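Q: What follows is a single structure, and I will ask about it in a moment.
Each value in this text was obtained by applying a stated rule to the coordinates, not by laboratory testing. Computed from a predicted model, the values in this text were never measured in an experiment. Reconstructed Cβ throughout: ideal geometry from the backbone, glycine too, with neighbour counts over all protein chains shown.
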Amino acid sequence: MRMPRLAALACAVALAATGARAQLSDDAVRIGVLSDMNGPYADFAGPGSVAAARMAVEDFGGRVLGRPVEIVSGDHQNRPDVGGALARRWFDVDGVDMVTDMPNSAVALAVQQIARERNRVSINTSAVSPELTGRACSPTGFHWVSDSYAFAHGTTRAVMNQGDTSFFYITVDYEGGYAQERESTPVVEQGGGRVAGRVRHPLNTADFSSYLLQAQASRARVVVLANAGTDTVNAIKQAAEFGLAQRGQRLMGLFVNITDIHALGLRAARGLVLTEAFYWDRDDETRTFARRFQERHRNVPTQYHAGVYSAVTHYLRAVQAAGTDRGDAVAARMRELPVDDVFAHGGTVRADGRMVHDMYLMEVKQPEQSTGPWDVYRILATLPGEQAFRPLAQSACPTVRPQ
């Protein structure tokens, strides 16, 4: 009787193992990093996001459910058609199970819809449109790092609290810029301030002179840059050349990254107030992570690089917990599991796909306060996640019933 029982037990174990393997769609779990590899957003995302994804896979052990985890990457060129075509090929031909990063909101919105149609997970870490968890939300879609609501509300309130009440917006002409302006404007108006004017510029603009002249003519106290990447850097440099500060105007960036400050230098950027989700020099844990990251990439990690690391880690934990790479099952686990890593401690994933975590109000240091090339920020305040992000009760996500 003993041998049949042992044989039956061995058979059961083998069947269980076969069943576990059958839950994976193929011979590997594949993660696609879809980014801007050479354009205006390449410094804060791009190749650094690929490096961060690989770090996350290595730290997870390189395998999940007994299968290897592979990273593929592609350049969406800031074009929704290019990004969409890459995502379709990845999902339909290359066996990609999850796609992440996606700076440029138009690309992110297009890819999230494609992922939804194919029951694949999309985790946006770099675009800022709140529509990703609003009207365009998806059961398999997530928004990880920040959005224009968190950036605009935190920074606009901080500047208004300093006594500035008139604003002029220089906005990049696509959804990400519109979203920043839309979220900032009500804060100004509800706080008793005034919008003196607005102008829009094409993505990747080299010459901001006409826009800055309009800002000067408006006599607004604050010139708001609702753009990102090289557009922000070019605008700040040229504003200094135009002497906006000497004329009593100040610049406010709604989407400023540490790479922008590094490119500008502290002398040009000093005193700038902004909001970020991560700072490499926040504590010992972030400093250790930054050293490891710099071994793979030339710069310290931006908030988006750290966000990719967190998103990939959380996804792999959810695959492990779900026992499958099927998109809907993994997405359900992602909403159940807490987020606790170098990017965010005590993070939670809401029903609409928004990952809620603390944000940080920063001030760019004076040159004499800095001890190194990447020592650029002073943390003014920690903004609790429940205050930083749009409340779920105000969500426009059609599949969510706010509690």
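Q: Work out the length of the dipole vector of the chain about its Cα centre, built from +1 on the beta-carbon of each Lys and Arg and -1 on the beta-carbon of each Asp and Glu, and round it to the nearest 20 debye.
A: Approximately 460 debye in magnitude.
Q: For the charge dipole of region 236-370, defined by +1 on Lys and Arg C-beta atoms and -1 on Asp and Glu C-beta atoms about the Cα centroid, which residue among His305, Ala240, Ala344 has the Cα displaced farthest towards the positive pole?
A: Of the listed residues, the answer is Ala240.
Q: Taking θ = phi - 60°, what integer Hz values does the Karplus form 6.51 cos²θ - 1.76 cosθ + 1.60 yield along region 120-128, in sequence order, with x for Gly and Pro?
A: Per-residue couplings from phi come out as 10, 8, 10, 10, 6, 10, 10, 7, 10 Hz.
Q: Same structure, new question: Could you give the dipole magnitude of region 175-291 about its Cα centre, charging the beta-carbon of Lys and Arg +1 and that of Asp and Glu -1, in debye to the nearest 20?
A: 560 debye
Q: With Cβ to Cβ distances under 11 Å as the rule, what net charge do the other residues near Leu132 carry (K, R +1; D, E -1)?
A: Once positives and negatives cancel, what remains is -2.
Q: Net charge around Gly346, counting only other residues with Cβ within less than 12 Å of its Cβ (Lys, Arg = +1; Asp, Glu = -1)?
A: -4
Q: In a shell of Cβ-Cβ distance under 10 Å around Gln249, excluding Gln249 itself, what net charge do Lys and Arg (+1) and Asp and Glu (-1) give?
A: +3
Q: Residue by residue through region 149-156, what is 3J(HN,Hα) from phi via Karplus (6.51 cos²θ - 1.76 cosθ + 1.60, θ = phi - 60°)? Round to whole Hz and write x for glycine and proline.
A: Couplings: 4, 5, 5, 5, 5, x, 6, 5 Hz.
Q: Can you work out ³J(HN,Hα) from phi for every residue in region 163-169, in order, using Karplus 6.51 cos²θ - 1.76 cosθ + 1.60 and θ = phi - 60°, giving whole Hz and x for Gly and Pro?
A: Using θ = phi - 60°, the values come out as x, 8, 10, 10, 9, 10, 9 Hz.
Q: A follow-up question, please. Using alpha-carbon positions, what is the distance between the centroids of region 355-378 and region 195-228, in Å?
A: The two parts, judged by their Cα centres, are 25 Å apart.
Q: According to a simple spin-label model (label point 7 Å from Cα along Cα-to-Cβ), what is the distance in nm between Ala381 and Ser209?
A: About 4.0 nm, to one decimal.
Q: Sequence gap at least 6, Cα distance under 8 Å: using those rules, report the relative contact order of region 327-378 to the nearest whole percent.
A: Once normalised by length, the contact order is 21 percent.
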